[in-house]
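The values are calculated or read from the model by the stated rules, or taken from the named source; none is laboratory data. Worth saying up front: this structure is predicted, and the values here are computed from it rather than measured. As a convention, Cβ positions derive from the backbone with ideal geometry for all residues, glycine included, and neighbour counts pool all protein chains shown. For accessibility, only protein heavy atoms count, side chains too; no ligands or nucleic acids. Shrake-Rupley method; radii C 1.70, N 1.55, O 1.52, S 1.80 Å.
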Amino acid sequence: MTIGNTTPARVFQVATGNVGSETIRRIGAHPDLELVGVHCYTPEKVGRDVGELAGIAPVGVLATGTVEEIVAACPDVVTFHGVFPDEQLYLKVLEAGINIVTTADWITGHHRDLNHPHPSGRSWREILDEAAKAGGATFYGTGMNPGLNQILGIVASADVAQIENVTTIESVDVSCHHSAETWKEVGYGRPVDDPALPGMLRKYTEVFADSVYMMADAFDLELDEVMFDCELGACTEDVDLGWYQLPKGSLGGSYIKYLGMVDGVSRIETHLEWQMTPRTEPKWDIRGCYITMIKGDPQIYTKHMIFPAPGVDLSDPEDFASIGMTVTGLPALNSVRSVIAAPPGIVTSADLPLRTFAGRFTR
């Protein structure tokens, strides 16, 4: 499905959680996009104006609750911002010829294939790619991290003659991400000596292995494997965040590494330096940014630092959290036109043109 360069793409969004609410607020000012519908999983939200659901003035779009209503609206693209993928929804939408951009746990599909296999034994990548090609639609996964953070790592290597190692790091305080179900899945709040913790962290964060494979693809580097490593920070006292409780001795911070190996040497890495509270042992020097380090000739060190718009008071927890949701959702919104123009099937950031990662000037 293609549209003209001056015609806004008709967007049907899925989910109105943390990221979804922020993207509803942002779509109205986006020159490429027109919001034509929003799909909600919570029955109490269906029929309500989605502006109200997102905490803004009514926008004249009412929330719906069935996939059939998405298909009947004939949007150019579905933007999916649920916490976890909905593969059955993906299949129906793709088969109907509707493109999908998702921020939910998908960069290459490696993680879904490994940890959430299809009952048939076939890979989700194969099944979704088949559905997309049958419908003439494109499927793309992105976000800030994994997503844009790794693109920054690739771009930073453009002037390096000989690369030895590329490492991207997310060093952030995650206490503003008010998604209790997410942190339960990861194991935050469990005793730090719980033997299940490393496995829980790996299963939930394995999508970051996707990002290592995506970078390797861009570098034309064949990896032998992607290894997982983690270090756990135990809370030194009881911590009450209001929306989440962390007992003394429970997981309150972590340092996770995904290492892309070639002949026993780590060549491409993604690190996650996460802090729910600074009151942990060990604890890390949280820098509040995204970092790229490249060893080679020459060597590169860059920081991607994100600041609020003028006048935004970061002492307000909602405003602070909003920035994180914005940088997660905007790579998806800004990619829509490129995804619509891409060939049918699954694509990754390594397949798409530079304009995919460009923001937009205000109207």
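On inspection, R112 qualifies as outside any loop (DSSP other than H, G, I, E, B), within 22 Å of F208 (Cα to Cα), outside the structural domain of Y213 (by the TED database) and open to solvent by less than 40 Å² (accessible area, probe 1.4 Å).
In the range 263-363, counting only strands (runs of 3 or more DSSP E) that sit wholly within it, the ones holding 2 or more residues that are open to solvent by less than 40 Å² (accessible area, probe 1.4 Å) and either in the same structural domain as V14 (by the TED database) or closer than 17 Å to L148 by Cα (or both) span 265-275, 289-297, 345-347. Selection of first residues in the range 94-113 that are over 17 Å from A9 (Cα atoms) and of second residues that are assigned to a helix (DSSP H, G or I) and among the aromatic types (F, W, Y), restricted to Cβ pairs under 6 Å at least 6 apart or on distinct chains, gives the following pairs, ordered by first then second residue: T108/Y213; G109/W124; H110/Y213; R112/W124; D113/W124.
Counting only helices (runs of 4 or more DSSP H) that fall entirely inside the range 1-80 and contain at least 2 residues that are open to solvent by 60 Å² or more (accessible area, probe 1.4 Å) and on the phi < 0 side of the Ramachandran plot, the qualifying elements are 18-27, 67-72.
The set of residues in the range 238-260 being open to solvent by less than 60 Å² (accessible area, probe 1.4 Å) and assigned to a strand (DSSP E or B) consists of V239, L246, S250, L251, G252, G253, S254, Y255, I256, Y258, L259, G260. Consider C235 against the criteria (1) in contact (Cβ under 8 Å) with a residue 12 or more places away in the chain; (2) surrounded by fewer than 19 Cβ atoms within 10 Å (Cβ to Cβ): it satisfies all of them except one. Which criterion is unmet? Among (1) in contact (Cβ under 8 Å) with a residue 12 or more places away in the chain; (2) surrounded by fewer than 19 Cβ atoms within 10 Å (Cβ to Cβ), C235 violates only (2). Does I151 count as within 28 Å of G17 (Cβ to Cβ) and either among the basic types (K, R) or open to solvent by 10 Å² or more (accessible area, probe 1.4 Å) (or both)? So I151 passes the test.
What about G199, is it buried (at least 23 other Cβ atoms within 10 Å of the Cβ), within 24 Å of the chain's Cα centre (by Cα) and not hydrophobic (A, V, I, L, M, F, W, C)?
Working: buried (at least 23 other Cβ atoms within 10 Å of the Cβ): no; within 24 Å of the chain's Cα centre (by Cα): yes; not hydrophobic (A, V, I, L, M, F, W, C): yes.
Here the answer is no, as G199 does not meet what is asked.
Given the condition surrounded by fewer than 16 Cβ atoms within 10 Å (Cβ to Cβ), without any contact (Cβ under 8 Å) to a residue 12 or more places away in the chain and either in contact with a Ser or Thr (Cβ under 7 Å, 6 or more places away or on another chain) or not assigned by the TED database to the domain that holds A73 (or both), answer yes or no: does some residue in the range 124-143 qualify?
no
All told, T205 meets the bar of being open to solvent by less than 20 Å² (accessible area, probe 1.4 Å), closer than 27 Å to I306 by Cβ, touching a Leu at 6+ places or on another chain (Cβ under 7 Å) and polar (S, T, N, Q).
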